[in-house]
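All remarks here apply to the structure that follows.
What follows draws every value from the coordinates through simple rules; no lab data is involved. Computed from a predicted structure; not experimentally measured. Cβ sites come from the backbone with ideal geometry, for glycine too, and all protein chains shown count toward neighbours.
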Amino acid sequence: MEHEEKVRQICEVLNQVIEDTSIPRNIRRAAEEAKNTLMNEKEDLGVRVSSAIYILEEISNDRNLPLHARTIIWNISSELETIKT
């Protein structure tokens, strides 16, 4: 159950990214996609985490991503790596 709690906390951080209007819309959209992927309990936790990491890695390479958001995305990815089963 601790993994599910960590996923919920990560989703809260993703919400901050999604609601931050200083971040370009396409990046906020991708963050929302990662959050929705993590929240989809029909999928296995490992699949959800791997998919979210993939989405976040894609946006972390976007040159329009503000530095503060890049740091948040990297931190989220690191946290997700600890969940991978």
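Things to note:
- The single residue among I55, I73, I83 that is in contact with an Asp or Glu (Cβ under 7 Å, 6 or more places away or on another chain) and surrounded by 14 or more Cβ atoms within 10 Å (Cβ to Cβ) turns out to be I55.
- Residue in the range 13-21 that is of a type outside the set (A, V, I, L, M), crowded, with 18+ Cβ neighbours inside 10 Å, outside any loop (DSSP other than H, G, I, E, B) and over 10 Å from the mean Cα position of the chain (by Cα) present: no
- Residues of the range 26-48 satisfying the condition of being over 16 Å from E12 (Cβ atoms), without any contact (Cβ under 8 Å) to a residue 40 or more places away in the chain and part of a helix (DSSP H, G or I): N26, R29, A30, E33, G46, V47
- Test: K35 is exposed (fewer than 15 other Cβ atoms within 10 Å of the Cβ) and on the phi < 0 side of the Ramachandran plot: no
- I55 being aliphatic (A, V, I, L, M), free of Cβ contacts under 8 Å to residues at least 60 places away in the same chain and outside any helix (DSSP H, G or I): no
- Against the numbered list (1) more than 16 Å from S78 (Cβ to Cβ); (2) assigned to a helix (DSSP H, G or I); (3) not hydroxyl-bearing (S, T, Y), D62 comes up short only at (2).
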